Amino acid sequence: MEGASWLAALVFLPAVGSPLLAHRSFGRFPFWSRVVLSGAAGAALISFSMTLLALTDRAWGVALVATLAAVLASGLRVLLRGEPATSPPEPARPDRTERIAGAIACIAVVAALLATLGGAATSVDLVFFWGAKAQQFAAARGIDLEFLRDPAHQYMHSYYPPLVSNVFAFATMAAGRFVWTAAALTFPLTLAALAASLPGVLRGLTSARAAAATSALIVATLACIGSQADIAGNADMPLYLFETLALALLLRPDAAGGPGDLLAGILFAAAATAKVEGLPFAVAAAALALWLRAGTPAGRAKAAARLLGPTAVALAAWFAFGLSRKLFSAYSEYGRFFDVHPDHATGVVAEIVKSIAATGRGLAYLIPLLCLVGSGRRGRTAAIPLGTAAALAGFLVFTYLHPAGDPAQWIGWSAPRVFAPLPVLFALAAACGRDA
Amino acid sequence: MTPADAGPPGRSPRLWLIAAFALCCFPIAARTAHPLDEQLFVPVTPLDRTDGARAEQWAFLEACRAHLPPQPVFTILAEDPDTAMALFMMAIGAYPDSLPLPTTYYGNPTPEIGAQAPLVLAYRSPPPPEWNLRLIARVRQGAVYARVPAP
């Protein structure tokens, strides 16, 4: 029962995001896409509100956090003043392909659900620190400095971006206690949210059949990797949701413009405050999207502000908190930025390939890549997912080059998860049409 | 480009759907390869099927819970530093109102910190006799002890 109320508290996420997504300019998205996009934006705003309250030494409360986040969502509508109304594609009865794609996505979500309920997908990180931080922060009604400063809690990773611990703490405050199984169930729940929303978002990029098939492939890929790499209850699945939806938004022909850019920007902020690797993803994807766009320098600057402004503001609040409390000043556990060991490069790449191959025999990475190769030459927009994939892979290899010792163990337990966005990006690239 | 001239899934959606279905089946097939009694086993810890060792350690902490006072201050002993560290990390979340004090921290001995704890949870490893402990309860895979104050 407590698990149900913990999960039910997550209903606040779409509720607080809905003032923004209710704007007429987002009418282009079907109902479920709008609900999930509201939830993703709501997660970013709830987390930002909690960080802001912690920064200003205000105690968290469910009503206060939700109200502040909803006010922020309403305030963001000001940026959309004058944007015209849009309407979703004409509703049509799903054809056989769409129905089969929907069924496959359902099977993938059910498989993830069963794996999680069976204790076969739970992340060790959940029981090591995500759950502990969420409980502690909920009890302290804020980011508990005493807890994070304790030398014995060094491995609580105080600098880790705050979204997941904040949102979990929010649900814990609302439900009255932290529930481990409920936290683990965020994996199938978030996967189901992606399955429900992605076809509608991709529908602007490609045909209904192609959108459904691409979505089914992406959902099945993430279900497979998530179940094999044990991500239930950690920050990976929320990160995949934010990144996939943001990228899909950028690929739509109607992406350029206030509403599309602002929404993608908020999702990038959510990704960058969910995990460290969300930041290079956001910067690479936004830079590539801007590079491909025509327009005046002023117009591009405006678009850049919409795409990356929310990330800058969200991370500025987080680092302002860390710096002002002398808690952290950087993503500190990886050593100095350019202090790398290039002589480890061959070994690092070999370990990455080995760990990926050991995760479901590498099929979840290989099959979307084969789909991309089989799809032939793609249009210019495919440069966004493919360039982002290259940038992310480069960043991850660069990160793995930092330890002076053998990083094999670190790569073994992290690479299958952190490289998971790559097959998603391959599938999105394959869905991009050819240039006219 | 218009949606109508869309990419390859539009041309060969069947192949994409077969690929997606194969990816759905893989984890299910891997799971059903296990013996039936193992599949029907209802998990008692969040980690039963992801990490058997951690699941045992979680179950040990759960078993100790009944023998701990409210807001306990304790340290954990285990057969090796890695296990002790894992138990320490899990205890922070498993007992949210507690204060676990490490006797080893990621392989570095910290006996001066652990010695401040009035309670000792010993996992598969009897505590050294010179610690002067009183047994509170034996539990699965270990025991809970209290330090006897020096006379």
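The values are calculated or read from the model by the stated rules, or taken from the named source; none is laboratory data. Everything quoted here is computed from the prediction, not taken from an experiment. Ideal geometry is used to build each Cβ from the backbone, glycine not excepted, and the neighbour counts take in all protein chains shown. Surface accessibility is based on the protein's heavy atoms, side chains included, excluding ligands, DNA and RNA. Shrake-Rupley method; radii C 1.70, N 1.55, O 1.52, S 1.80 Å.
Some points to look at:
- Rg followed by Dmax, in Å, when the stretch A:178-246 is reduced to its Cα trace: 12.7, 43
- Protection proxy ranking, highest mean first, for peptides A:104-114, A:118-128: A:118-128, A:104-114, where packing is the per-residue count of other beta-carbon atoms within 10 Å, averaged.
- Whole-number percent relative contact order across chain A, with pairs defined as alpha carbons under 8 Å at least 6 apart: 19
- Counting Cβ atoms of other protein chains within 10 Å of each residue's Cβ and taking the mean over peptide A:369-378 gives 3.
- Rounded, prolate or oblate (a/c below 1.5 giving rounded, otherwise prolate when a/b exceeds b/c) for the stretch A:126-178 by Cα gyration tensor: prolate
- Shielding score for A:141-151, defined as the mean number of other chain Cβ atoms within 10 Å: 1
- If you look at the Cα atoms of the stretch A:71-208, you get an Rg and a Dmax of 20.2, 60 Å.
- Between the amide H of A:Thr359 and any residue lying 5 or more places away or on another chain, no distance stays under 5 Å, with hydrogens modeled in the peptide plane.
- Residue by residue, the stretch A:77-83 carries 3J(HN,Hα) couplings of 4, 4, 5, 9, 4, x, 6 Hz when phi is fed to the Karplus relation 6.51 cos²θ - 1.76 cosθ + 1.60 (θ = phi - 60°); x denotes Gly or Pro.
- The stretch B:21-64 and the stretch A:343-411 have Cα centres spaced 28 Å apart.
- Distance between the stretch A:224-256 and the stretch B:106-151 - C-alpha centres, whole angstrom: 45
- Our note on the geometry: Cα centres of the stretch A:270-305 and the stretch A:134-166, 30 Å apart.
- Only protein heavy atoms count here, probed at 1.4 Å, and on that basis chains B and A bury about 4200 Å² of accessible area in total.
- Overall form of the stretch A:336-390 per C-alpha gyration tensor (a/c, 1.5; a/b vs b/c): oblate
- Whole-percent carbon and sulfur share, accessible surface of the stretch A:13-71, 1.4 Å: 71
- Antiparallel bridge percentage (DSSP; both residues within the protein assembly as shown; nearest 5): 60
- With all protein chains modelled, accessible area of B:Arg134 [1.4 Å, Å²]: 130
- Take the protein assembly as shown with all the other protein chains still there, run a 1.4 Å probe, and you get 40 Å² of accessible area per residue.
- Loop trypsin sites (Lys or Arg not before Pro), the stretch A:27-126, which have at most 11 other Cβ atoms in a 10 Å radius of their Cβ (DSSP): A:Arg81
- Shape descriptor for the stretch A:30-90: Rg over Rh equals 1.09 (Cα atoms; Rh from the Kirkwood inverse mean 1/r).
- Chain A: DSSP helices with Cα axial extent of at least 27 Å and average Kyte-Doolittle hydropathy no lower than -1.0: A:31-55, A:96-117, A:208-229, A:297-324
- The amide H of A:Trp60, built 1.01 Å from its N in the peptide plane, has A:Gly142 as neighbours under 5 Å, considering only residues 5 or more places off or on other chains.
- Members of the stretch A:112-131 that become less accessible by 10 Å² or more once partner protein chains are added (1.4 angstrom probe, chain alone as reference): A:Leu117, A:Gly118, A:Gly119, A:Ala120, A:Thr122, A:Val124, A:Val127, A:Phe128
- Amide hydrogen neighbours beyond the local backbone of B:Gly142, cut-off 5 Å, H modeled: B:Arg124
- Working note: Cα atoms of the stretch B:1-136, range along each principal axis, descending, whole Å: 77, 41, 28.
- Between A:Leu292, A:Leu425, A:Leu55, the Gaussian network model of chain A with springs among Cα atoms under 10 angstrom shows the greatest mean-square fluctuation at A:Leu292.
- Relative pair counts by distance (%), Cα atoms of the protein assembly as shown, 10 Å bins: 3, 17, 27, 27, 16, 6, 2, 1, 0
- Between A:Trp32 and A:Leu114, the distance separating the two model label sites (each 7 Å from Cα on the Cα→Cβ line) works out to 2.0 nm.
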